[in-house]
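Before any comments, here is the structure.
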Amino acid sequence: MGAVLQARTLEIEEIDRWAGPFPAEVRSRAVDALEGGMVVYFPKLHFVLEEPERGLLSPSVADGKAKNVSLDPGSGSVKGTSAVGAERAQLQAMMERFASSATRLMGDLFPEYAADLERAGTSYRPVGIAGRSYSPIKDDKLLHVDAFPSTPTHGRRILRLFANIAPAGNARIWHVGEPFQEFAQKFLPSVGRPNAFLAWLLAAVGATKSRRSAYDQLMLGLHDSGKRDAAYQKNAPQVEVAFPPGTSWLCYTDQVLHAALAGQYALEQTFHLDVASMVDPSRSPLKVLERMTGRALVN
């Protein structure tokens, strides 16, 4: 890895299993890099498919409507798949096994988070990224930080763990961009002021699951403005990272500017975490934006 890439990615070879205990020095390095806005990369952490699960390595598992197959953490139901019967049960079991493994890893690697870390959705991504065509706002091949129109976070962190389960030779390719504060400094002046009435109206008509905070409105503005700016997408500082099959990685996707350019067959687990549960809350996007705007952004 070159010096620029090393500055945005921390490689931890010591993590080669999904459960601890892990050395204190490794845990310290991992949480410092994670909260500092880096991608934490585990080149030896392989999610091994069981033999019957190898049949799920097919794009036909997806229903063609949703980008990904999803597992709901509450009901355990699977959506976005064409699989039925025994194949659907096998798919659900694989995704649940991954979710359980990811949750155990997070608890053992980040014990500071364990009491407050919330397991959210799990996704399986059997369709190749290359060749997909979306509007700029929905195109994840463009640099962006995660912010979701219908699901306000009220400042809670979005932590995601990925595993490339593709056959040999099919790396997942990301671009990783500049630090969050530098990105925000470019686009925050052009983002409209938070609108409390609009936030109330969207929640009242059911367009959002809860009322957007000022933070959520600013993050959506940054997400959309960055994706719409073709010059920024072309010229912004960014490095390419290849995650080969049999590797895993994680980052705060509300903080790390990222774009997924190529790859197929990946599993992903999302977690949410209160800012107050971080080792250093001042490094969160919420606190960065509050310092930049000079006001509280979450009630």
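The values are calculated or read from the model by the stated rules, or taken from the named source; none is laboratory data. Fair warning: this is a prediction, and the values are worked out from it, not measured in the lab. Every residue, glycine as well, gets a Cβ built from its backbone with ideal geometry; the counts of neighbours run over all protein chains shown.
Brief remarks on what is shown
- Criterion: out of contact with any strand residue (DSSP E or B) (no Cβ under 9 Å at 6 or more places or on another chain) and either more than 23 Å from L289 (Cα to Cα) or free of Cβ contacts under 8 Å to residues at least 24 places away in the same chain (or both) - qualifying residue of E112, E118: E112
- F183 meets the conditions (1) free of Cβ contacts under 8 Å to residues at least 12 places away in the same chain; (2) more than 26 Å from A207 (Cβ to Cβ); (3) of a type in the set (F, W, Y) in every case but one. The failed one is (1).
- Residue that is nearest to E96 (Cα to Cα) [pool: residues in the range 64-79 that are touching a strand residue (DSSP E or B) at 6+ places or on another chain (Cβ under 8 Å) and of a type in the set (D, E, K, R)]: D72
- Breaking point among (1) part of a loop (DSSP other than H, G, I, E, B); (2) buried (at least 19 other Cβ atoms within 10 Å of the Cβ), for R17: (2)
- Residue in the range 58-80 that is part of a helix (DSSP H, G or I), among the aliphatic types (A, V, I, L, M) and either touching a Lys or Arg at 6+ places or on another chain (Cβ under 9 Å) or farther than 30 Å from E178 by Cα (or both) present: yes
- Tally of residues being hydrophobic (A, V, I, L, M, F, W, C), surrounded by 16 or more Cβ atoms within 10 Å (Cβ to Cβ) and more than 19 Å from G128 (Cβ to Cβ) across the range 250-288: 10
- Some residue of the range 153-170 being modelled with pLDDT of 95 or more and in a helix (DSSP H, G or I): no
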